[in-house]
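Below is one structure, written out as structure tokens; the observations come after it.
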Amino acid sequence: MTETTTPPRTMRWNGGPDGSLTMIDQTLLPVEFKEINCRTVEEVWEAIKMLRVRGAPAIGCAAAYGVIIGVQGEGVSADRQAFNAKLKQVTDYLAESRPTAVNLFWALDRMKAVAQENSSFSPNEIHARLLEEAQAIEVEDREMCAAIGQHGATLIEQGTGILTHCNAGGLATAGDGTALSVMFAAAAQGKDIHVYADETRPLLQGARLTTWELQQRGVPVTLICDSMAGQVMKEKRVQAVITGADRIAANGDACNKIGTYSVAVLAKAHGIPFYVAAPSSTFDLSLATGDQIPIEERMSEEITAGMGKQTAPDETNVYNPAFDVAPAELIEAIITEKGIISPVTTENVAAMLK
């Protein structure tokens with residue numbers, strides 16, 4: 001390992017209830033590091049929709065702060081009834097930004113619950129209370145990342161090669177990440193690990209973001225194309241696979257960036273444990289299985305003109321699901337901030353989240 005550095009925070013709130021939200025524009029990494037400052041709820045919505053901020057926990061944090069921004073101005077200057085109407089408008093609007101990551105809806109529901117529980121507060125008072133809640137969500141997210149890392153590191157032996165898909169690091173959370181937090185914790189314990197990062201088509205989050213984060217922290221990383229994962233496993237370069245998740249059903253089926261299902265199948269075929277690292281807030285116990293998880297379909301240009309360069313003929317038909325689901329039977333364990341779920345069953349999920 002090389003000397004580590006502390007990477008910049010994915011997001012930070014500036015000021016009090018009338019403040020703004022600064023976030024890293026992840027669409028520009030790794031070529032350009034640029035932060036955006038969101039002062040309107042429309043800017044927060046656009047940042048979530050266009051993947052300037054991404055990763056289920058980070059989306060939840062951003063949405064919570066988006067609520068604060070959305071009710072600024074006319075919201076807090078009105079009476080409480082009008083404030084409640086404005087709050088509903090803002091939360092409904094933010095909920096439309098992306099359909100799959102459950103943390104988005106979890107965070108918005110939590111903000112709405114705070115408003116309902118403090119019905120006697122004035123608009124200014126509840127606005128300040130909502131900011132406290134958004135900041136609590138961010139702090140809890142950092143603590144969650146640290147706990148996932150410590151639990152997950154117990155599964156990693158000295159000299160382990162680890163394959164990961166997409167980006168489930170600090171850029172996807174308010175802390176060290178979910179899947180990458182396990183790697184950071186293992187490296188901090190002196191375990192000589194080496195990470196293989198899938199590039200993650202079509203938006204290359206693995207190539208652009210995961211390799212950047214691991215280099216920032218001095219963790220050895222090798223970038224591979226998605227289609228190389230099976231060969232890397234066959235050559236015994238990896239002994240574990242760890243990914244994040246955007247929504248996990250009650251039975252443990254885990255929805256993550258498109259291509260994760262393929263990696264899980266390959267890991268099973270090669271006898272390699274496939275781990276999912278995710279916080280308890282990513283579980284959606286209202287869904288019995290992953291078949292019920294809504295899968296976002298994104299614009300065709302992400303495939304036909306990825307990174308701004310046309311790579312397919314005009315008018316090519318495109319199917320572009322952003323996520324897929326790894327069935328619970330392919331998952332060796334789910335690593336949460338509460339502990340490790342293994343074997344992954346409905347009963348064990350319920351017991352851990354109780």
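Any read-out appearing in this document is the output of simple, stated calculations on the displayed coordinates, not a laboratory observation. Quick caveat: nothing in here was measured; it's all calculated off a predicted structure. Note: ideal-geometry Cβ built from the backbone for every residue, glycine included; neighbour counts use all protein chains shown.
Computed quantities for the displayed model
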| quantity | calculated |
| --- | --- |
| Relative exposure of Tyr93, Tyr65, Tyr196, judged by other C-beta atoms within 10 Å (fewest first) | Tyr93, Tyr196, Tyr65 |
| Cleavage-rule hits (GluC sites (Glu not before Pro)) in the stretch 24-70: DSSP loop, at most 15 neighbouring Cβ within 10 angstrom | Glu32 |
| For the chain, built as a Gaussian network whose Cα springs stay under 10 Å, the top-fluctuating residue of Gly70, Gly169, Gly177 | Gly70 |
| Ascending count of other beta-carbon atoms within 10 Å, so fewest first, for Ile242, Ile295, Ile341 | Ile295, Ile341, Ile242 |
| Inter-label distance, nm, simple model (7 Å from Cα along the C-beta direction), Gln158/Asn320 | 4.8 nm |
| Charge dipole magnitude, Cβ of K and R +1, D and E -1 - the stretch 36-158, Cα centre, debye nearest 20 | 240 debye |
| Leading residue at positive end of dipole, the chain (Cβ point charges), from Val219, Ser262, Phe33 | Val219 |
| Rounded if a/c under 1.5, otherwise prolate or oblate - the stretch 131-244, Cα gyration tensor axes | oblate |
| Reach of Lys86 by Cα under 13 Å, taken over aspartates and glutamates that are not fewer than 8 positions away in the same chain | Glu74 |
| Estimated FRET transfer efficiency (Asp291, Arg129; beta-carbon r; R0 35 Å; 0.05) | 0.35 |
| Mean-position separation - Cα centroids, the stretch 214-254 and the stretch 12-58, in angstrom | 26 Å |
| Estimated Rh, the stretch 11-145: Kirkwood, alpha-carbon pairs, angstrom | 14.7 Å |
| Per-residue Cβ neighbour rank within 10 angstrom, fewest leading, Val265, Val195 | Val265, Val195 |
| Relative contact order [Cα under 8 Å, 6+ residues apart], the chain, whole percent | 16 percent |
| Anchor Lys191: lysines whose Cα lies under 30 Å away (excluding residues fewer than 8 positions away in-chain) | Lys234, Lys236, Lys257, Lys268, Lys338 |
| Nearest-ten-degree value, helix 80-95 long axis tilted from longest Cα axis of the chain | 20 degrees |
| Distance histogram for the stretch 231-334 (every C-alpha pair counted, 5 angstrom bins, percent rounded to whole numbers) | 2, 13, 20, 18, 14, 13, 13, 6, 1 |
| The stretch 173-256: GluC sites (Glu not before Pro) falling in loop per DSSP and having at most 13 other Cβ within 10 Å | Glu235 |
| Where Rh is the Kirkwood radius over Cα pairs, Rg/Rh for the stretch 79-141 | 0.98 |
| Loop-resident sites, the stretch 215-264, for trypsin sites (Lys or Arg not before Pro), counting at most 10 other Cβ within 10 Å (DSSP) | Lys236 |
| Potential extension, Glu235-Thr22 segment - 0.36 nm per residue separation minus Cα distance | 72.4 nm |
| Global geometry of the stretch 31-109, whether rounded, prolate or oblate, following the gyration tensor of its Cα atoms and the 1.5 cut on a/c | oblate |
| The stretch 149-353: C-alpha gyration tensor shape, a/c 1.5 cut-off, then a/b vs b/c | oblate |
| Asp192 versus Ser77: modelled label distance in nm, points set 7 Å from Cα along the beta carbon direction | 6.5 nm |
